[in-house]
Amino acid sequence: MDSGILVTDRAEGPTLAEAVRSGGALAPNATYRLALAVLTALASVHRTGGRHGDLGPHTVVLGEDGPHVLRGLPGGEGGQADDMFAWAALIAFAATGQDPFGAVDKRRRYGAADLGALQGELRELVADCLAEEPVHRPRAEEALLRLLGHSGALETVLPDTPQPVRRRPAGLLLTAGGLVIVLAFGALGYLLTPRTISAAAGTTPVSSGPPKAAAATPPPLAAPTGKVTLPNGAGTLFEQPGDQVRVTAYSVQDKNGDSTSYARTPDGSAFVRTGGDNIFTPISPDNRWMATVNELHILSEERLDVQFTDRATGEKFTVPTVTNPRWGVSPLWSADSKTLLLTMMERDAQVEDAFVRGFILIDVERRSARVVETFNAEDVAVFRKQKPDERRAYFYRWAPGGQIASGYKGWDFQGIRFFDQAGKVVRTLHWVGQPIGQSFFSPSGKYFVTSSCSRKVVATCVWDTETGKRFATVQAVPGYFYSWYDESHLVVGRVAGTTVTIEVADLTGKVLRKLAELETKKDGRADVRFNRS
């Protein structure tokens, strides 16, 4: 037999196509077992550089001892991404009993596919594998890790040096370097037995502290030399000329629970009131624009109209955006001060709850808004089936290169999705945990911050954006994360009663200096925005 050629024995049993035609869609548990079995076979083939090339309902046999994959083609890197698309379409077919695309071109983005009753991590994974661009689809090994839910699985099922198997039921056979490997679903019984788990690609072990690269104590920051007293007893800022960030806008609650917004004057000398309850007024990084956003317009207005003020000339204009039952929250300026990003919420009257529908981009120079939906009808259906305490809302944030990022949740993980400005998913990092803060990316975009990133300790994690590998594990962050101070320091906050203290901490969690103290009058809630100095 030629090296690298996929060889098959005909297994006994109906093909998936025949089984679905006679008995309908598979049950959820059977669909999951099928997904895991076929993905295990693909991961083994791909690791040797091969590809299948003909995966579909007609090449999967449901034998008495589990699913078997039949036939295949010689290897090729591009073909591996096609295999992942075919795997996802196969699982959607098994779950729904029909072609997930119908007559629609299979290279359309995953929102065109009918994913039926698929839920949880399997649904998320199938959707990711149906990405339009091959480079955006997960590799087979990554996908297998996501289904298995832990990082050390591949060391067992996919050894770097394959060993010959003397005798197994007919299944998937591969000739590679003169050795024959047979994978069938029954092998996963051993795969899931307890054992020591080591780190795999895309993950790093949890340490008791930051790695050597972050172990050195950063240079001490100078003590603040000036104080800025905020209006109406709202607190004090502690500033100095060399600060890397400065407060430009904030909103605090009064004793009645109503919020009041303030913004820094253009010359930086004082703060003035700019809005009342639910009104927020972020300042652009270049200090030119102030946006006025009613984050709960749905309570009083039919349409969200965002007002912009040119702080150099005093000119004001309004850009209309969405109407009820949609609204925009958490406004953030792009680094170039040209675009305002808002997370778009939508109220679902059927379950009396709200979900994140997508985002809104407002071009301040063109004075126009673009509404981008990332949550489709199938996602809404899944949302409605979830229990209220299972639902999550992840806000959108600016990412490096003008991309937009948001958290997302799967079966047993939280991670980050990267979108282009048209709403298309271009990358996923499912293993990193929940992104946090107003801007979870460092000033250069090299790092980002998450929580819920360790199963062993309560920690804040710092990750390398390019590689997706953990750079530091910060176990002693006091309170919560606001933003980045510079490339090696964080802006963090802690609450004591009604007082919010904002400080600078290094990547060991050590607090180095105080930036602000805010008095919220009620429950310690304060929205504070920092721009780079």
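The values are calculated or read from the model by the stated rules, or taken from the named source; none is laboratory data. Keep in mind it's a predicted model, so treat the numbers as computed, not measured. Cβ coordinates were reconstructed from backbone atoms using ideal geometry, including for glycine residues, and neighbour counts include every protein chain displayed. Surface areas here come from the heavy atoms of the whole protein model, side chains and all, with no ligands, DNA or RNA. Shrake-Rupley method; radii C 1.70, N 1.55, O 1.52, S 1.80 Å.
Taking each residue of segment 261-277 that is within 19 Å of Pro331 (Cα to Cα) and assigned to a strand (DSSP E or B) and looking for partners that are of a type in the set (Phe, Trp, Tyr) and open to solvent by less than 30 Å² (accessible area, probe 1.4 Å) with beta-carbon atoms closer than 6 Å, six or more apart or interchain, yields Ser261/Phe280; Tyr262/Tyr250; Tyr262/Phe271; Arg264/Phe271; Arg273/Tyr262. Residues in segment 429-447 that are touching a helix residue (DSSP H, G or I) at 6+ places or on another chain (Cβ under 9 Å) and at pLDDT 90 or above: Phe441, Ser444, Gly445, Lys446. Answer yes if at least one residue in segment 357-364 is open to solvent by 60 Å² or more (accessible area, probe 1.4 Å) and more than 15 Å from Gly468 (Cβ to Cβ), and no otherwise. The answer is no, given that none of the residues of segment 357-364 is open to solvent by 60 Å² or more (accessible area, probe 1.4 Å) and more than 15 Å from Gly468 (Cβ to Cβ). Note on segment 473-518: residues that are at pLDDT below 90, under 25 Å from the mean Cα position of the chain (by Cα), hydroxyl-bearing (Ser, Thr, Tyr) and open to solvent by less than 50 Å² (accessible area, probe 1.4 Å) amount to 2.
Can you tell me which residue within segment 267-291, out of those that are within 28 Å of the chain's Cα centre (by Cα) and open to solvent by 30 Å² or more (accessible area, probe 1.4 Å), is modelled with the highest pLDDT? Quick ask: steps written out before the conclusion?
Residues of segment 267-291 within 28 Å of the chain's Cα centre (by Cα): 278-285, 291.
Subset that is open to solvent by 30 Å² or more (accessible area, probe 1.4 Å): 278-279, 285.
On the way: Asn278: 81, Ile279: 90, Pro285: 95.
It comes out as Pro285.
Being touching a residue at least 60 places away in the same chain (Cβ under 8 Å) and surrounded by fewer than 20 Cβ atoms within 10 Å (Cβ to Cβ) holds for only one residue in Gln403, Gln421, and it is Gln421.
Looking at segment 473-486 only, could you name the residues that are in contact with a strand residue (DSSP E or B) (Cβ under 7 Å, 6 or more places away or on another chain) and in contact (Cβ under 8 Å) with a residue 40 or more places away in the chain? I'd like the intermediate steps shown before the answer.
Just the residues of segment 473-486 that are in contact with a strand residue (DSSP E or B) (Cβ under 7 Å, 6 or more places away or on another chain), to begin with: 473-474, 477-485.
Within segment 473-486, Thr473, Val474, Tyr480, Phe481, Tyr482, Ser483, Trp484, Tyr485 qualify.
State which residue is farthest from the chain's Cα centre (by Cα) when the search covers only segment 51-79 and only residues that are over 20 Å from Glu18 (Cβ atoms) and modelled with pLDDT of 85 or more. Ranking the qualifying residues of segment 51-79, first place goes to Gly53. Please determine, by comparing only the residues of segment 297-348 that are part of a strand (DSSP E or B) and among the basic types (Lys, Arg), which one is most open to solvent (accessible area, probe 1.4 Å). Per the criteria, the residue is Lys316.
Restricted to segment 365-400, and to residues that are within 20 Å of Phe441 (Cα to Cα) and among the aliphatic types (A, V, I, L, M), which residue is surrounded by the most Cβ atoms within 10 Å (Cβ to Cβ)? Among those residues, the one meeting the criterion is Ala399.
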